[in-house]
Amino acid sequence: DVKVTQSSRYLVKRTGEKVFLECVQDMDHENMFWYRQDPGLGLRLIYFSYDVKMKEKGDIPEGYSVSREKKERFSLILESASTNQTSMYLCASSLGFQPQHFGDGTRLSIL
Amino acid sequence: GENVEQHPSTLSVQEGDSAVIKCTYSDSASNYFPWYKQELGKRPQLIIDIRSNVGEKKDQRIAVTLNKTAKHFSLHITETQPEDSAVYFCAASGANSKLTFGKGITLSVRP
């Protein structure tokens with residue numbers, strides 16, 4: 001069974017802080033994705049990666065960056081956290097054109 | 001880019017009745033259409049998917065139909081049960097493995 005693990009279920013940070021959200025998958029998937037989920041807006045893609053050190057912007061990349069130094073790990077970085085980045089963040093991974101598997105999510109609050 | 005719309009946004013059915021959730025997409029190049037179920041506080045989980053080379057796929061009480069000409073696809077749940085209550089997301093993707101999600105529908109099954 002595919003396991004996608006996000007480092008924190010809940011996180012509280014302050015405005016202006018640099019925030020790191022970590023995601024690890026154990027199935028050697030080449031594709032990894034970061035989404036944010038807000039009520040009434042569904043899942044919106046922030047960034048994705050097809051391979052180590054590769055990244056592509058999704059639909060809402062502003063205010064975020066990513067890092068993929070190892071195949072199994074994909075990090076989302078909020079360079080200077082703002083209150084409008086309070087949200088649920090979901091990581092997913094997939095193999096080729098196979099379905100995406102999601103982690104449990106990180107509920108991030110920016111105060 | 002792709003735009004996926006999901007209607008209605010909420011649906012309430014009596015236990016034992018059928019539920020139908022419809023989605024439309026805009027990019028005629030899209031060729032993969034998954035459906036995810038998200039229970040309260042849990043990760044989205046794939047329940048069924050369909051590729052553009054087939055028109056219908058069934059898995060026990062769940063079926064998905066695809067009309068490429070009209071660019072819409074639907075999720076059909078028969079003999080609904082209270083445990084079917086959840087948020088359901090449709091999505092579409094094309095040549096890359098990037099998914100565009102609809103905003104989600106909240107299905108309530110009344111006992």
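Would you call A:GLU22 more than 20 Å from B:ASN96 (Cα to Cα), out of contact with any helix residue (DSSP H, G or I) (no Cβ under 7 Å at 6 or more places or on another chain) and among the acidic types (Asp, Glu)?
Yes, satisfied.
Quick one: B:ALA70 ticks every box in (1) out of contact with any Phe, Trp or Tyr (no Cβ under 6 Å at 6 or more places or on another chain); (2) surrounded by 12 or more Cβ atoms within 10 Å (Cβ to Cβ); (3) away from chain A (no Cβ under 14 Å) bar one, so which box is it?
Failing condition for B:ALA70: (2).
Kindly indicate whether any position in segment B:35-45 is part of a strand (DSSP E or B), over 23 Å from A:ILE60 (Cβ atoms) and at the interface with chain A (Cβ under 9 Å from one of its Cβ atoms).
yes
Could you say whether any residue in segment B:46-65 is touching a His at 6+ places or on another chain (Cβ under 9 Å), modelled with pLDDT of 95 or more and under 27 Å from A:GLU30 (Cα atoms)?
yes
Name every residue in segment B:66-86 that is more than 10 Å from the chain's Cα centre (by Cα), under 30 Å from A:GLU30 (Cβ atoms) and part of a strand (DSSP E or B), in order of residue number.
Answer for segment B:66-86, where residues must be more than 10 Å from the chain's Cα centre (by Cα), under 30 Å from A:GLU30 (Cβ atoms) and part of a strand (DSSP E or B): B:LEU66, B:ALA86.
Please determine, by comparing only the residues of segment B:98-111 that are in contact (Cβ under 8 Å) with a residue 12 or more places away in the chain, facing chain A (nearest Cβ under 10 Å) and in a loop (DSSP other than H, G, I, E, B), which one is surrounded by the most Cβ atoms within 10 Å (Cβ to Cβ).
In this case the residue turns out to be B:LEU99.
The values are calculated or read from the model by the stated rules, or taken from the named source; none is laboratory data. Note that the structure is a prediction, hence the values are computed from the model and not measured. Every residue, glycine as well, gets a Cβ built from its backbone with ideal geometry; the counts of neighbours run over all protein chains shown.
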